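None of the figures in this text is laboratory data; all of them are computed from the coordinates on show. Treat the numbers as computed from the prediction; the structure is a model and nothing was measured. Positions of Cβ are backbone-derived with ideal geometry, glycine not excepted, and every protein chain shown enters the neighbour counts.
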Amino acid sequence: MVSSSAFYFKFYEPIANPTGLSGEVGGWISSTELQPKLGYLFVDIATPELSTQRQFRKVWIKQEGLGTFEDVSLNIVNIEHTGQIDFVTGSPLSTDFASSPLDYPTGDYGALVDANFSGNVDSAMYIGGTTQNDLVPVWIRQTIATGDGTDVLSSFSFQVKGTKVT
């Protein structure tokens, strides 16, 4: 049996990644790796009484390892509250921003709308083929419904899957 601890794909923050609910979100990839801890990506927000609350964040996936992969996809796994998190992947050259974490992003391909966020616990997003240093932007949306009594900090993990061909 062969075991490897190599990570071919890593997650990074965008250049605009505020720690609160104000300030621009998104843009190009930064050199800061995403940290896997609760409360790092999304800000704790109160359960809304009158309307649904949405929060948007952007992350970048970078293929760090050597080689070529095909049939690469992004899945959500180990999600605490399945209805709270969904996502969309975009063009590798996308430099889109949101004016705040509470606003839908706009950019190279126009404004994102509800229908764009089709990646969720039941539906992976197909990325295609990748090689070393390829970048994939991912917008993640947290939705907390009116009167939702669940924990507002939904925990989840992303899983990048693909077939290494070289």
Run the reach check for LYS58 against aspartates and glutamates, Cα to Cα strictly under 15 Å, same-chain hits fewer than 8 apart removed. What comes back?
GLU13, GLU24, GLU33, ASP86, ASP96, ASP103, ASP108
Neighbour counts of other C-beta atoms within 10 Å: give me SER154, SER22 arranged from fewest to most.
SER22, SER154
About the Cα centre of the chain, how large is the charge dipole given +1 on each Lys and Arg Cβ and -1 on each Asp and Glu Cβ? Please answer in debye to the nearest 20.
360
Have a look at the chain and give its Rg and Dmax from the Cα atoms, expressed in angstrom.
16.0, 56
Farthest toward positive dipole pole in the chain [+1 Lys/Arg, -1 Asp/Glu at C-beta], among VAL72, SER154, PHE7:
PHE7
Excluding residues on the same chain fewer than 8 positions from LYS164, give the lysines whose Cα lies under 19 Å from its Cα.
LYS10, LYS62
